[in-house]
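So the structure is just underneath, and the comments pick up after that.
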Amino acid sequence: MMTFAQLLGSMRFAISMLAFVGIASIIGTILKQNEPYESYIIKFGQFWFNHFEILNLYNVYQAIWFIAILLFLIASTSYCIYQNTPGFIRDIKDFNVSIQEKSLQLMKYSYQVQLSQDNFDSEEQRLKRLGFKVRCNKKTDAMILSAKKGHFQKLGYFFTHLAIIVISVGGLMDANLWFIAQERLGIKNIESRDLPLSQIPQSSQLDEKNAAFRANVLLTEGEIQDVAILPLRDGYLVQDLPFRIALKDFNIKHYSTGQPKSFESDVIIVDKKTGQQSQHNLSVNKPLTVNGISIYQSDFQDGGSTLDLKVWDLASQDNFYSMKSEVFKVNELAYQDQKFTLEFDDFRAFNVLELEDKGKKSNKNVGPSFVYKMRNASGQAVEYQNYQLPMKIDGDYYFMSGMRESQQDEYKYLKIPADSDLSIEGFMIFKNLFYSKDEIKQSINTIVKTNQSDVFSDQALFKKSLDDIYQTFISKGYSGIAEIITQNIPEDQQTAVANTYIKIIFLMGANLINQYNLKFPENPYFQFDNMNRFIQDALNSLSDRSFYGANIYLELSDFQQIQASGFQLTKAPGKPWVYLGSIFLVIGIFCMIYIQETRLWIIKKTNQRYGTIAFATNRDHIDYEIFTKNTMKGLGYKSYEKFNSKKS
């Protein structure tokens with residue numbers, strides 16, 4: 001049975017550990033580490049999220065199994081070096097000057113040569129000029145020259161193994177073993193509650209002496225902070241910093257499409273102990289190192305932009321009312337005897353989307369947008385994303401409002417047609433007219449008057465039918481119309497009846513706009529070349545309320561953007577060791593690949609005209625025989641014959 005020492009010294013075991021480290025590193029690179037658990041649930045679903053959490057794949061480099069693999073890899077590689085290094089040293093020093101002539105003649109590259117009349121001293125000098133190290137052994141009946149070069153090739157083994165050890169030690173140093181031990185002992189705990197900094201318990205705070213961390217700081221202009229947030233699993237820790245960092249100014253440049261081109265921050269660093277201040281400029285890939293902590297410009301976010309909103313009820317003729325809010329702020333809203341909260345999560349002044357217009361796709365900046373959640377009293381929320389400016393789609397302009405019930409879902413968009421003034425006012429006027437009892441009554445009367453015939457001899461019944469169609473539409477949209485037709489109309493007549501109902505609803509809308517244009521002929525909202533398209537789009541928007549959730553639409557009328565700069569603060573004591581290990585690895589690979597070890601022996605017996613010369617190498621290749629012949633020419637051997645070969 002294999003002993004533990006034999007297992008550690010086994011090449012298979014070392015390769016297995018190295019393969020596991022490689023796989024874990026790939027996972028840690030592909031799968032972004034220490035993200036909020038909600039983002040992993042959205043990405044993988046609850047089933048796979050639970051399995052990946054058990055394996056601790058969201059924090060691979062601090063996982064117990066990964067640390068154990070590194071420890072075994074260090075132990076195995078160290079034992080290999082301990083076992084094999086003495087042999088390598090002996091092999092480098094050994095010239096094997098006692099080798100027998102018969103052994104040389106059995107080598108692949110061995111030759112019989114006609115020796116010169118010079119003594120071995122001249123041949124020794126020639127070998128040294130060719131880059132060989134030489135040893136001479138003089139016997140009573142023979143003289144042996146042993147030479148070699150490239151013997152440092154064996155150092156490649158040593159340096160590659162040493163590189164693995166040094167890099168693994170660096171990985172362990174960055175894994176913050178001290179914190180892991182404190183967490184296991186219950187001294188430190190991950191905080192999962194959303195608490196103000198002043199209320200975070202000491203057990204969830206890390207002091208300045210913490211060995212290694214990767215934390216985040218988000219600052220708005222003028223804000224100063226002396227702690228960083230370290231995201232970990234389903235919560236966070238607060239990392240105390242040896243300095244204060246303040247954001248003086250944040251600048252962002254955009255391409256013509258609106259895509260961010262570059263962003264940078266002017267920061268002020270204040271040392272806590274000395275009070276000394278220094279100003280620096282940070283940009284992507286240009287970090288700043290202070291007290292062993294590297295500060296990277298990582299991203300930018302909204303820092304609490306103020307939003308001026310108009311609140312519209314899409315299911316009534318009520319006009320809007322104004323609301324002021326801020327990103328990360330919660331507003332309360334009462335609607336139809338229900339209480340809601342509006343949670344504003346994000347604001348973006350630029351949004352680059354791929355839009356298709358008349359069959360052509362292109363990236364365009366569609367202007368500002370904001371994201372909010374509308375949460376009812378029971379805690380259920382629907383997320384919305386509203387755009388301030390209309391987007392051109394298939395030749396017409398629409399205000400887009402996306403909604404989804406969970407972050408796993410794709411947005412479903414409510415398309416509100418822009419009026420001829422490219423504003424949303426025309427649609428809201430149409431909406432108010434459509435929900436006005438007086439206006440819709442007048443529209444129905446107009447339809448009745450213009451469609452008098454024997455078919456509609458009973459005008460009262462005709463009006464009631466039209467009103468029923470109207471009531472169904474405003475309560476359930478076109479889907480409600482389709483439901484009634486399916487339940488009450490024979491299948492062979494359903495298409496014709498559906499077309500009739502749709503035409504009736506369209507006529508109601510057309511009459512409403514005609515009546516409005518007669519009252520206000522100078523209005524800028526309904527001056528279309530193709531009014532029918534706007535009317536149908538407006539009716540589609542009113543119908544689509546069925547999937548939109550609450551009948552509340554928030555229009556962004558104005559904003560004041562406040563940007564926040566995101567920094568990543570990294571303390572990595574193992575980084576120099578990883579760099580050193582990488583250098584060792586490069587040296588080791590260079591030695592093993594580009595240095596070829598060559599050994600050479602020359603035996604000359606006393607009073608004999610011919611002698612034996614033999615070559616040996618650790619890496620035979622097609623050009624090596626050419627090398628041996630060139631070497632013999634360099635030694636002055638003009639006549640030679642290969643053993644077991646007639647070719648000379």
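The values are calculated or read from the model by the stated rules, or taken from the named source; none is laboratory data. This one's a predicted model, so the numbers in the text were calculated from it and none came from an experiment. When we count neighbours, we look across all protein chains shown, and the Cβ atoms used for this are built from the backbone with ideal geometry, even at glycine. We work out accessible area using only protein heavy atoms, side chains counted, and drop any ligands, DNA or RNA first. Shrake-Rupley method; radii C 1.70, N 1.55, O 1.52, S 1.80 Å.
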query: If you take the residues in segment 390-434 that are surrounded by fewer than 17 Cβ atoms within 10 Å (Cβ to Cβ), touching a helix residue (DSSP H, G or I) at 6+ places or on another chain (Cβ under 9 Å) and more than 25 Å from K361 (Cα to Cα), which one is modelled with the highest pLDDT?
result: S406
- request: Determine whether E641 is part of a strand (DSSP E or B), open to solvent by 40 Å² or more (accessible area, probe 1.4 Å) and over 17 Å from L127 (Cβ atoms).
  value: yes
statement: Considering only strands (runs of 3 or more DSSP E) wholly within segment 242-324, the ones with at least 1 residues that are open to solvent by 60 Å² or more (accessible area, probe 1.4 Å), at pLDDT below 95 and of a type outside the set (S, T, N, Q) are 260-271, 293-302
- request: Count, please, the residues in segment 329-364 that happen to be part of a strand (DSSP E or B), in contact (Cβ under 8 Å) with a residue 12 or more places away in the chain and of a type outside the set (D, E).
  value: 17
Residue that is closer than 24 Å to D396 by Cβ and either charged (D, E, K, R) or touching a His at 6+ places or on another chain (Cβ under 8 Å) (or both), where the choices are E326, E354, E343, E332: E354
message: Tally up the residues in segment 127-163 that are open to solvent by 40 Å² or more (accessible area, probe 1.4 Å) and over 56 Å from the mean Cα position of the chain (by Cα), please.
response: 9
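Looking at this structure, is D226 in contact (Cβ under 8 Å) with a residue 24 or more places away in the chain and either within 16 Å of S565 (Cα to Cα) or loosely packed, with under 15 Cβ neighbours inside 10 Å (or both)?
The answer is yes for D226.
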Pairs with Cβ under 6 Å, 6+ apart, first in segment 173-187 and closer than 19 Å to V238 by Cβ, second open to solvent by less than 40 Å² (accessible area, probe 1.4 Å): N176/A212; Q182/K188
- line: Taking first residues from segment 63-91 that are under 24 Å from A181 (Cβ atoms) and in contact (Cβ under 8 Å) with a residue 24 or more places away in the chain and second residues anywhere that are aliphatic (A, V, I, L, M) and open to solvent by 50 Å² or more (accessible area, probe 1.4 Å), the pairs with Cβ under 7 Å that are 6 or more apart or on different chains are L73/L18; I74/V169
field: Residue check for L542: in a helix (DSSP H, G or I), modelled with pLDDT of 90 or more and surrounded by 15 or more Cβ atoms within 10 Å (Cβ to Cβ)
entry: yes
query: In segment 87-103, what count of residues is obtained for those that are under 20 Å from K154 (Cα atoms), part of a helix (DSSP H, G or I) and open to solvent by 60 Å² or more (accessible area, probe 1.4 Å)?
result: 3
task: Look through segment 441-476, keep the residues that are aromatic (F, W, Y) and either more than 19 Å from Q515 (Cα to Cα) or modelled with pLDDT under 85 (or both), and return whichever of them is surrounded by the most Cβ atoms within 10 Å (Cβ to Cβ).
output: F473
